[in-house]
1. How many lysine pairs in the protein assembly as shown, separated by 8 or more positions in sequence or lying on different chains, have Cα atoms less than 23 Å apart?
2. Between residue A:229 and residue A:13, how high is the FRET efficiency from 1/(1 + (r/R0)^6) when r is the Cβ-Cβ distance and R₀ = 35 Å? Nearest 0.05.
3. Say each of residue A:24 and residue B:161 gets a label point 7 Å from the Cα, pointing the same way as Cα to Cβ; how far apart are those two points in nm?
4. Pop the C-beta distance of residue B:71 and residue B:109 into the FRET formula with R0 = 41 Å and round what comes out to the nearest 0.05.
5. As a check on your grasp of the helix formula, calculate [θ] at 222 nm for chain B: sum -39500 (n - 2.57) over DSSP H runs of n ≥ 4, divide by the residue count, round to the nearest 500.
6. For chain A, what is the relative contact order in percent, using Cα pairs closer than 8 Å and at least 6 residues apart in sequence?
7. Within a 10 angstrom radius of each residue's Cβ in B:116-128, how many Cβ atoms of other chains show up on average? Whole number is fine.
8. If you place +1 on the Cβ of every Lys and Arg, -1 on the Cβ of every Asp and Glu, and leave all else neutral, what size is the dipole of chain A about its Cα centre, to the nearest 20 Debye?
Amino acid sequence: MIEFRNVTKRFPDGTVAVDSFDLVIPSRKTTVFVGSSGCGKTTLLRMINRMVEPTSGTVEIDGEDVAAKQAVALRRSIGYVMQNSGLMPHFTVAENIATVPRLNGETRRAAKARALELMDVVGLDASMADRYPSQLSGGQQQRVGVARGLASDPNILLMDEPFGAVDPIVRAELQTELIRLQRDLDKTVVFVTHDIDEAFLLGDQVAILAAGAQRLQTGSPSEITENPADDFVAAFIGAERGKRALRVKQTPHGPVLVDAEGRTQGVLVEDGA
Amino acid sequence: MEWVSANLDLIGTLALDHLRQSVIAIVAGFLLSLPLGWVAWRYRLLRGWVITVTGLLYTIPSLALLMILPVVAGYPATSETNLVIALTIYAIAIMVRAVTDGLDSVDPAVRRSATAVGYGDGRRFWAVDLPLAGPVILAGLRVTAVSTISLATVGILVGVTNLGYLFTNGLQRRIIPEVLAGIVAVAVIALLVDLLLMLAGRRLMPWVHSRVPARRSSVEAAA
Ligand SMILES: Nc1ncnc2c1ncn2[C@@H]1O[C@H](COP(=O)(O)OP(=O)(O)OP(=O)(O)O)[C@@H](O)[C@H]1O
Ligand SMILES: [Mg+2]
């Protein structure tokens, strides 16, 4: 469990990126921070592994203040996947994935074996092990980034817009893979995105944020869709228009659900039918 | 040409002396420039200062340096140490800048990413910053090497023997082939060292030359 307690981050230039933020992030679930650019999502994430120190308030992991932990050890114990993969350009794919095990003192051989294992897990062909990141496509680089995040089998996985830089088809593929992975691995995932569809697809808990990491609404995708906190949230999730605004249309074969563009999205069935 | 074939032994000995003096200065200059360049890169306030001072070193006339150093440091002007130290100073003048520029060229996002996955500062410097600064540092090192090897000939003017001897001796005795042999020998050594550095760079930094265009992802990756 990760808990933010009244956390504020003011940068030296005066920007208040996070203003009195409180949230409990349950273990073994995926929590998604979603909000527009600059609202403080990355800052929140970075305060979990002490890349950014809060100005006031505390971040706790399982009841322990992260500020009391040694930063380097803490970071090695938390998987971090970032936008644009953040891979080391001078490490091969296998070396990149093996980074944390190597830092933790595993032998080269053991770390390489682990890397190959993880390449399989994230759906990368073993033949790519000796390539450099510049020789991979964006989608492949993101897979390597995910594999690296998982390499030391951390309980917590932080993902900062990991699929933001790839095309929609590859993104959908990576999202599906992540859902499958999460089913098997059961990590505490904190995922950042500005795409509400991605948030609803991946999140068990979704926090919709506005500037200063102000929480507009927090809940499961169903709770938010069924009961948006205000007009802004309703508009943000597209409950009025778009594909989350469905209406019933009667057809000779029974009622169906139609979106705002008139496309049929599904069939309405009775409970237990 | 006759002169050359009759004096191959002499040329060989002088070339070895020359190579030894230059290589020691290049290596020492490189090693000393690493901490200096790092300090200049890391501490903004010191930066202008370090870069300016080391840059100014390069403007000291070499002959003057070779005559002043022995007075200041108290060793004979004719000693090899004198030449090696002077050459090291010139090497530093070029290399500090190269190291600073090299560290500057490292993508801050990559550096942050290394920190985020758990590199401590020291370890990150050796494993990430320095290797990624490598191409720029190597470019500086190659310039340094060639200029040091050519500059070393000035040693003969204060009595330190190396390939420069072929210039002064050849000029005094009006043996043009001797002078030409000196020029060619210096050039050959410089080119060989440069080639060696380039090959070492390829070996140590294989990622730089492996930019094969990426193939399409989704199908292949899922396979
Ligand atoms: N090191 C810093 N110094 C000063 N201001 C910063 C710093 N880092 C972030 N900020 C500011 O803090 C605010 C929140 O930044 P943050 O990176 O957390 O946003 P974000 O929600 O991740 O945005 P994006 O979706 O664009 O990544 C922004 O206004 C940003 O300009
Ligand atoms: Mg961000």
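Please treat every number below as a calculation from the coordinates, not as lab data. None of these values were measured; they are calculated from a predicted model. Every residue, glycine as well, gets a Cβ built from its backbone with ideal geometry; the counts of neighbours run over all protein chains shown.
1. Details: A:9/A:41; A:9/A:69; A:29/A:41; A:29/A:187; A:41/A:69; A:41/A:187; A:69/A:187; A:112/A:187.
Lysine pairs meeting both conditions in the protein assembly as shown amount to 8.
2. Numbers: r = 31 Å, r/R0 = 0.90.
Computed FRET efficiency for residue A:229 and residue A:13: 0.65.
3. For the pair residue A:24/residue B:161, the computed spacing is 8.7 nm.
4. On the way: r = 51 Å, r/R0 = 1.24.
Result of the calculation: an efficiency of 0.20.
5. On the way: 11 runs with 170 residues, N = 223.
Calculated from helices alone, the mean residue ellipticity at 222 nm is -25000 deg cm²/dmol.
6. Working: 510 pairs, mean separation 60.1, N = 273.
Relative contact order here is 22 percent.
7. Working: counts 13, 18, 15, 7, 7, 1, 0, 2, 1, 0, 0, 6, 5.
Taking all residues of B:116-128 together, the mean is 6.
8. On the way: 30 positive and 36 negative charges, 157 e Å.
That gives chain A a dipole magnitude of about 760 debye.
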